[in-house]
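**Q** A single structure is presented below for examination.
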Amino acid sequence: MRAKSPIARAAVHAILLAGSALFLFPLLWMISTSLKPVEETMLNPPRWIPSALHFENYLKAVTYGSTTLGYIPFVEYGKNTLLLCVLVVSGTVISNALIAYGFARLQWPGRNALFGVTLATMMVPFPVLMVPMFVLFRHLGWVGTFRPLWIPAWFGSAFNIFLLRQFFLTIPRELSDAAVVDGCSEFQVFRQIILPLSRPALAVVALFSFLYTWNDFIGPLIYLSDQRMFTLSLGLQFYQSQAGGTEWHLLMAAATMVVVPIIILFFFTQRTFIQGIALTGIKG
Amino acid sequence: MLIRISKLLAVAVLLATMCVGFVRHPGRAADDGRVHIRYWEKWTGFEAEAMRRVVDTFNRSQDHIFVDMLTISGVDEKLLLATAGGVPPDVVGLWSSNLSSFADRQVLLPLDDSLKRNHISREDYIPAYWDLCQYRGHMYALPTTPGSLALHWNKKLFREAGLDPERPPRTLEELDQYAERLTKRDQRGHLEQAGFMPNEPGWWNFSWGYYFGGALWDGKNRITTDCPENIRGYQWVRTYSKRYGVGSLELFRSGFGNFSSPQNAFLSGRVAMEIQGVWMGNFISKYAPGMEWGAAPFPYPADRPDLAQVAYVECDTISIPVGAKHPQEAFEFIRFVNSQPGMELLCLGQRKHTPLARVSKGFLAKHPNPYIQVFIDVAKRPRPFSAPKTPIGMEYVSEMDAAFDEIWLGTRSAADSLGRVRQRMQGKLDRQLEAIARREGRGGAEEGRQP
Amino acid sequence: MTRLGRRQLWAGLAFISPWLIGLGVFMLYPVVASLYYSFCDYSVLERAHPVGVANYRDLLHDQLYLKSLLNTLFYAALSIPLGLMLALALALLLNSGVRGLTVYRTIFFLPALMPMVALAVLWLWIFNGEYGVLNVFLARLGIHAPGWLTDPSWSKPALVLLSLWGMGQAMVIFLAGLQDVPVHLYEAADLDGASWWSKLRHVTLPMISPVLLFNGIMGIIGSLQFFAVPYIMTPNGQPARSAYFYAMYLYDNAFRYLRMGYASAMAWILFLLILALTLLSLRLASRYVHYEAG
């Protein structure tokens, strides 16, 4: 529906502007708090703009929280998170592309039934899987390492299989048929025909799994015990003292650092993101 | 050509990353001929420093064991995850309130045999602390640093309110009166200074009934959350939130700064009297060095002078988790920590008293906490109590926190709230006792794994 | 089977082989195992001991369990409809041809991308009773705000408010759905002299009903498993267990009290609940949802 009259348009603009301000405000407030000296964080009425920009809060948050918090190796956390992201994204893209190809472009008995089962598994909530997976990893001796957090990603996930299969189905049969006639094996068809045409869908899968890993909290919570191996999500907790009270300026600085990479990533990949989300919603 | 190289590079990078992701393991030990044992402890800051000095002394004093100490936040939760996951540390520092649940879930190794072999027994300790480490007749830990509580007060604020700074309240009724005089509001009616707040610091919300002669269970199989003394105790707690207004108090509390900083509620003079432990003197000298303060045993109800013998004790403990790779070496370290020199080094560093029965003269003489004798006397009282040592201990304490909230906020009456806790916890306790009976009926085949 | 057929069979199995492991090891085994555990007393450190339906029976009488379930349903009942309405409203506004669509869309979508943990600590700060910015705003408007996270009647609404801030994903999906609505339908409606409300009810909503269904189901699945945010903002469900959610009690039972059997029973009830609600939604959908042919 298009807003026709200029009054309607102005009204829409006004609402959107107000809404944007409300939505943006918490983020701006986070940045503002992160640049304040500790005395200015606890003020009522609050100070909107810090008297001076204390960029060293960021340094403090990253290198050494405070004597009470002990050493918070924030950079380590960033490295660990990045490591996991790389492993999970590559595993997700590679495994799910292969699997979706098997479901979409090949005919074999039992295919549809198996795909139905795959779809059904999307309904299983994580808590059902949580305990047995923990027991499994315990038997393997993988608790306390990174392995439970990335190795399963190399074995497919129902949601991504579904997404990629839908996309693969839209690629015209003639292209792959022609390649087969030319003597290509299935794998060659996959690599040389389907993959190049699927960049947008693959990009979406990569982006989503990156986000998921960057933000993952409960996985690292359960499986990581050595603090030096923590991820950013888990590490953020440390700025909240166990004994009570929080150093808000440092916590906001750390939170900003965790959030900024995502914002930057989003600005560069906006189109793909939006397309991807639309894909999931429309086809789902 | 370039594309081919970049593809190969990408694959190589991926493989390298996979190697790192696969191999990365917590704490790869150095290869120096020693047995490396991992020690998880809760302390940070100067408290951690004190323990580190003990660890260093131990590492230097012999050459076949090396202790690697790690500060772990939420060490009790992490220990459960690690032990259940099959990768526990060799030594772990917990709180005495964790022991009963952990021992019951077979998370910790019983130490009886090693203690007997090394001639360590109850006589070596202030009895209350030894007893804290026992569960169903076995020892599952040794104490590290002890804790007993006392009422701390701000002498300057006393003076300002016209109270004698050298005379703390002796009965709870006096405490209430003092609190009244020590409470100030600003022009907006907001609290500026509170005389006393039962939920500051709020670490012992389950304990209020004990000061009135109550108990949380009968020591065997009955949960007694809503016995009359407990109800009385929590009704007394409620008088504080009623008198000063829950809204005002919560608003006031939201503004408290970090505990370990000059913005601490007590250190910054926002709260005039606070129940705290022996470690508080340390924090005061670190963050509020000029403060004039005092410590005295916590008051008792005027009509029950016999309760002046009641005292809350707790301690930090050191244990060996089930599944530890080097239990023998772990025990050697624990023994060192519990030796008189080791213990005094640690406790002096944390400015606490020691849990040992024997104390060197120098220890008391050079102790920086001027009120240390108060804490020692409190620990030696004939009626000590601690967090209930039920098999469902941790859950029970958690429930009491929630009940405290309800009572404090006035959403439920003390009798109602405590009654509900009793009902729930009795059910859980019954289940757990069944499981224990089943386990012990199996001939204790799963026990007997001792260092 | 023809030679082509056989080649496709082998190729097919080869391509999906990772999933055979993934499905078997990481999905089917856990599902079966957790069902088994739900009938046992299991602490991981000891062998699983079958106890029949004791776990399920205990759950029905467990007041804390019922409280966590009610809290979760309350949260879902508020956050899903409100979130959908807000997302749809914003999507409608964005779809009306305003300039700067991409900028607005970015602003509204951004919070949905961020790590929940970072959002949780940020809003912990915003909701702070003494220094929190929210209460300052409300005070300026003359509203005497509650303590939010320290007030048991307001802790859940506070969390709902936070969830509304993160409705960006649903909004983007709605927007895509709106853009797919054939323009000629609106033109026809205009010819009939329909008001905007009428157009909304008779053209827009039916046309985007599949999207509405999708977002609704996603909302159900997500809100029933609400964990990370309350774990950080209202640990133990404080105050007074008012913000104690299903997944939190599940986690506590599994990893704090080492009652894996009990936790597995909770997990299965959750699973059945999600299935039931999803089936219910689909049934309602078959009556109301309109799929454009072709």
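The values are calculated or read from the model by the stated rules, or taken from the named source; none is laboratory data. Small disclaimer: the values here were computed from a predicted structure and weren't measured. Glycine gets a Cβ as well: all are built from the backbone with ideal geometry, and neighbour counts include every protein chain shown.
**Q** In region B:299-321, is there at least one residue being under 18 Å from B:V374 (Cα atoms), part of a loop (DSSP other than H, G, I, E, B) and either outside the structural domain of B:W130 (by TED's automatic domain parsing) or touching a strand residue (DSSP E or B) at 6+ places or on another chain (Cβ under 6 Å) (or both)?
**A** Within region B:299-321, one or more residues are under 18 Å from B:V374 (Cα atoms), part of a loop (DSSP other than H, G, I, E, B) and either outside the structural domain of B:W130 (by TED's automatic domain parsing) or touching a strand residue (DSSP E or B) at 6+ places or on another chain (Cβ under 6 Å) (or both).
**Q** Considering only residues that are part of a helix (DSSP H, G or I), hydrophobic (A, V, I, L, M, F, W, C) and either surrounded by fewer than 22 Cβ atoms within 10 Å (Cβ to Cβ) or facing chain A (nearest Cβ under 9 Å) (or both), which ones fall in region C:81-99?
**A** Passing the criteria: C:L82, C:L84, C:M85, C:L86, C:A89, C:L90, C:L92, C:L93, C:L94.
**Q** Looking at B:Q276, B:Q309 in this structure, which one is within 22 Å of the chain's Cα centre (by Cα), in contact (Cβ under 8 Å) with a residue 60 or more places away in the chain and surrounded by fewer than 20 Cβ atoms within 10 Å (Cβ to Cβ)?
**A** None of the other options fit; the residue is B:Q309.
**Q** Identify the single condition in (1) of a type in the set (S, T, Y); (2) buried (at least 19 other Cβ atoms within 10 Å of the Cβ); (3) modelled with pLDDT under 90 that C:T102 does not satisfy, given that it satisfies every other one.
**A** The failed condition is (2).
**Q** Show me the helices (runs of 4 or more DSSP H) entirely contained within region B:331-407 in which 1 or more residues are in contact with a strand residue (DSSP E or B) (Cβ under 8 Å, 6 or more places away or on another chain) and closer than 25 Å to B:S207 by Cβ.
**A** In region B:331-407, the matching helices (runs of 4 or more DSSP H) lie at B:340-349, B:372-379.
**Q** Can you confirm whether B:F266 is touching a Pro at 6+ places or on another chain (Cβ under 9 Å), farther than 29 Å from C:A145 by Cβ and either of a type outside the set (D, E) or assigned by TED's automatic domain parsing to the domain that holds B:T44 (or both)?
**A** Spelling it out, it is not the case that B:F266 is touching a Pro at 6+ places or on another chain (Cβ under 9 Å), farther than 29 Å from C:A145 by Cβ and either of a type outside the set (D, E) or assigned by TED's automatic domain parsing to the domain that holds B:T44 (or both).
**Q** Applying the selection to region A:23-42, what residues are more than 13 Å from A:L251 (Cα to Cα) and modelled with pLDDT of 85 or more?
**A** Answer for region A:23-42, where residues must be more than 13 Å from A:L251 (Cα to Cα) and modelled with pLDDT of 85 or more: A:F23, A:L24, A:F25, A:P26, A:L27, A:L28.
**Q** Does region B:172-187 contain any residue that is of a type outside the set (K, R), closer than 22 Å to B:R383 by Cα and crowded, with 16+ Cβ neighbours inside 10 Å? Reasoning before the result, please.
**A** Step one: list which residues in region B:172-187 are of a type outside the set (K, R), which gives B:172-180, B:182-183, B:186-187.
Checking the rest, the ones that are also closer than 22 Å to B:R383 by Cα come to B:172-173, B:175.
Next, from what is left, pick out any that are crowded, with 16+ Cβ neighbours inside 10 Å: B:172, B:175.
Checking region B:172-187: at least one residue is of a type outside the set (K, R), closer than 22 Å to B:R383 by Cα and crowded, with 16+ Cβ neighbours inside 10 Å.
**Q** While we're looking at this one, here's another question. Does B:S268 qualify as being over 23 Å from C:D151 (Cα atoms), of a type in the set (G, A, S) and over 22 Å from the mean Cα position of the chain (by Cα)?
**A** Yes; evaluated as a whole, the condition is true for this residue.
**Q** To continue, here is another question. Given the residues B:G137, B:G147, which is the only one that is under 30 Å from B:A435 (Cβ atoms) and out of contact with any Pro (no Cβ under 9 Å at 6 or more places or on another chain)? Spell out the reasoning first.
**A** Working: B:G147 fails: under 30 Å from B:A435 (Cβ atoms).
Result: B:G137 is the single residue among B:G137, B:G147 that is under 30 Å from B:A435 (Cβ atoms) and out of contact with any Pro (no Cβ under 9 Å at 6 or more places or on another chain).
**Q** Of the conditions (1) more than 28 Å from B:V107 (Cα to Cα); (2) modelled with pLDDT under 90, C:L270 fails just one. Which one is it?
**A** Unmet condition: (2).
**Q** In this structure, does B:V246 turn out to be away from chain A (no Cβ under 14 Å), within 15 Å of B:D176 (Cβ to Cβ) and among the hydrophobic types (A, V, I, L, M, F, W, C)?
**A** Working: away from chain A (no Cβ under 14 Å): yes; within 15 Å of B:D176 (Cβ to Cβ): no; among the hydrophobic types (A, V, I, L, M, F, W, C): yes.
Here the answer is no, as B:V246 does not meet what is asked.
**Q** Can you find a residue that is more than 9 Å from chain C (Cβ to nearest Cβ), surrounded by fewer than 17 Cβ atoms within 10 Å (Cβ to Cβ) and not aliphatic (A, V, I, L, M) anywhere in region A:111-122?
**A** Taking every residue of region A:111-122 in turn, at least one turns out to be more than 9 Å from chain C (Cβ to nearest Cβ), surrounded by fewer than 17 Cβ atoms within 10 Å (Cβ to Cβ) and not aliphatic (A, V, I, L, M).
**Q** So for region B:229-236 (the condition being assigned to a helix (DSSP H, G or I), more than 21 Å from the chain's Cα centre (by Cα) and charged (D, E, K, R)), does at least one residue qualify?
**A** Initial filter on region B:229-236 (assigned to a helix (DSSP H, G or I)): B:229-236.
Pick out the ones that are also more than 21 Å from the chain's Cα centre (by Cα) and you get B:229-236.
Subset that is charged (D, E, K, R): B:229, B:232.
Yes, region B:229-236 contains at least one residue that is assigned to a helix (DSSP H, G or I), more than 21 Å from the chain's Cα centre (by Cα) and charged (D, E, K, R).
**Q** Confirm whether C:P152 is out of contact with any Phe, Trp or Tyr (no Cβ under 9 Å at 6 or more places or on another chain), touching a residue at least 60 places away in the same chain (Cβ under 8 Å) and not hydrophobic (A, V, I, L, M, F, W, C).
**A** On the way: out of contact with any Phe, Trp or Tyr (no Cβ under 9 Å at 6 or more places or on another chain): yes; touching a residue at least 60 places away in the same chain (Cβ under 8 Å): yes; not hydrophobic (A, V, I, L, M, F, W, C): yes.
In short, yes.
**Q** Any idea which of C:A139, C:A118 is in a helix (DSSP H, G or I), away from chain B (no Cβ under 14 Å), more than 27 Å from A:H13 (Cβ to Cβ) and free of Cβ contacts under 8 Å to residues at least 12 places away in the same chain?
**A** Going through C:A139, C:A118 in turn, the sole match is C:A118.
**Q** Assess whether C:L60 counts as being more than 14 Å from chain A (Cβ to nearest Cβ) and either more than 23 Å from A:L27 (Cβ to Cβ) or β-branched (V, I, T) (or both).
**A** Values: more than 14 Å from chain A (Cβ to nearest Cβ): yes; either more than 23 Å from A:L27 (Cβ to Cβ) or β-branched (V, I, T) (or both): yes.
For C:L60, the condition - more than 14 Å from chain A (Cβ to nearest Cβ) and either more than 23 Å from A:L27 (Cβ to Cβ) or β-branched (V, I, T) (or both) - is met.
**Q** Would you point out which residue out of B:A50, B:A84 is within 9 Å of chain A (Cβ to nearest Cβ) and at pLDDT 85 or above?
**A** The match here is B:A84.
**Q** Touching a His at 6+ places or on another chain (Cβ under 8 Å) and either outside the structural domain of B:A324 (by TED's automatic domain parsing) or not small (G, A, S) (or both): which single residue out of B:P165, B:P110, B:P143 fits that description?
**A** Selected residue: B:P110, the only one of B:P165, B:P110, B:P143 that is touching a His at 6+ places or on another chain (Cβ under 8 Å) and either outside the structural domain of B:A324 (by TED's automatic domain parsing) or not small (G, A, S) (or both).
**Q** Also: Output the number of residues of region B:56-75 satisfying the condition of being in contact (Cβ under 8 Å) with a residue 60 or more places away in the chain and either within 14 Å of another protein chain (Cβ to nearest Cβ) or buried (at least 23 other Cβ atoms within 10 Å of the Cβ) (or both).
**A** 1
**Q** Consider only pairs whose beta carbons are under 6 Å apart and that are at least six residues apart or on different chains; among these, list those whose first residue lies in region A:129-153 and is within 22 Å of A:N215 (Cβ to Cβ) and without any contact (Cβ under 8 Å) to a residue 12 or more places away in the chain and whose second residue is assigned to a helix (DSSP H, G or I) and of a type in the set (A, V, I, L, M).
**A** Taking only residues 6 or more apart or on different chains, not a single pair turns up.
**Q** So how many residues does region B:190-218 have that are in a loop (DSSP other than H, G, I, E, B), more than 19 Å from B:E274 (Cβ to Cβ) and out of contact with any Gly (no Cβ under 9 Å at 6 or more places or on another chain)?
**A** The initial filter retains those residues of region B:190-218 that are in a loop (DSSP other than H, G, I, E, B), namely B:190, B:197-209, B:213-216, B:218.
With more than 19 Å from B:E274 (Cβ to Cβ) added as a condition, the list becomes B:190, B:209, B:213-216, B:218.
Filter once more, so that each one left must be out of contact with any Gly (no Cβ under 9 Å at 6 or more places or on another chain): B:190, B:218.
Total satisfying the criteria: 2.
**Q** If C:Y251 meets every condition in (1) surrounded by fewer than 22 Cβ atoms within 10 Å (Cβ to Cβ); (2) facing another protein chain (nearest Cβ under 7 Å) apart from one, which number is that one?
**A** Only one criterion in (1) surrounded by fewer than 22 Cβ atoms within 10 Å (Cβ to Cβ); (2) facing another protein chain (nearest Cβ under 7 Å) is unmet by C:Y251, namely (2).
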